[in-house]
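Bear in mind that the values in this text are calculations on the coordinates, not laboratory data. Everything numeric here is computed off the predicted structure, so don't read it as measured data. Neighbour counts are summed over all protein chains in view; Cβ atoms, including those assigned to glycine, are modelled from backbone coordinates with ideal geometry.
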Amino acid sequence: DTLFKEDFSLTKVQKTFCDVQTKCEDSCLVLSYRCRDEETQKYGILEVEEELRVVCMKEKPLPSETESRRACPCFYVLSERSLPLLDAFLEEKKDAPIEEKDAPGNFVAWLILRKPVYVHQISGRFDVGNLPSYIECDRYFREKLKDVESYMV
């Protein structure tokens, strides 16, 4: 499970999505946060242009295979016009090995070549998949969110 750090806001994501939709109705949006060099091999890494348009997504590259440290968690806002492309992607990949079509990042990497995809930057997230990661996440939020009600929106 994924928990985003305290700066995450659906309102901010929606505003960014509306802004990129103003540029082009086909535009989609993905979240991104900075990761450390040794973490690139754990995540999909986005390479972007100056205006935060994604030019490619590399799946778990070595640090030497990309200069980018923009990790992309599984949180995507797709344009209405991009939704039919899900079916096209699955049809194109129907005979491919399961790992080529099962991970949602594979669709995003494919989509980037067909529609404009932009980044909404966040400070980070937690991937809570075991007890140590749960404890780390719990400790973080207990320290950061002493006044929890001030963060509720």
If I require 27 Å or longer along the helix axis, counting alpha carbons, and a Kyte-Doolittle average no lower than 1.0, what helices from the chain are left? Use full DSSP H segments.
none
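Could you work out the local net charge near residue 41, counting Lys and Arg as +1, Asp and Glu as -1, over the other residues with Cβ closer than 13 Å to its Cβ?
On the way: positive: 36, 42, 58, 60, 69; negative: 37, 38, 39, 59, 65.
Every neighbour counted, the sum reads 0.
Using a cut-off of 11 Å between beta-carbons, work out the net charge of the residues near residue 69 (Lys and Arg +1, Asp and Glu -1, residue 69 not included). Could the numbers behind the result be given before it?
On the way: positive: 34, 36, 70; negative: 37, 38, 39, 47, 67.
Within the 11 Å Cβ shell, the charges total -2.
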Beta bridges by DSSP in the chain, antiparallel share as percent, to the nearest 5:
75
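Summing Lys, Arg as +1 and Asp, Glu as -1, what charge do residues with Cβ under 11 Å from the Cβ of residue 60 carry, residue 60 excluded? Please report the intermediate quantities before stating the final value.
On the way: positive: 42, 58; negative: 39, 59, 65.
Summing Lys and Arg as +1 and Asp and Glu as -1 gives -1.
At 20 °C and 1.002 mPa s, grab the translational diffusion coefficient of region 7-124 from Stokes-Einstein with a Kirkwood Rh over Cα pairs, rounded to a whole number in µm² per second.
On the way: Rh = 14.6 Å.
Taking Rh from Cα pairs, D becomes 146 µm²/s.
With an 8 Å Cα cut-off and a minimum separation of 6 or more residues, compute the relative contact order for the chain in percent. All intermediate terms of the calculation are to be shown ahead of the outcome.
Working: 218 pairs, mean separation 52.1, N = 153.
Relative contact order of the chain: 34 percent.
Past 22 Å, Cα to Cα: identify those pairs from 60/101; 58/101; 42/144, in the order given.
Numbers: 60/101 16 Å; 58/101 15 Å; 42/144 25 Å.
In this structure, 42/144 exceed 22 Å between Cα atoms.
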In whole Hz, what ³J(HN,Hα) sequence does region 57-67 give by Karplus (6.51, -1.76, 1.60; θ = phi - 60°), x for Gly and Pro?
10, 9, 8, 6, x, 5, x, 6, 8, 7, 7
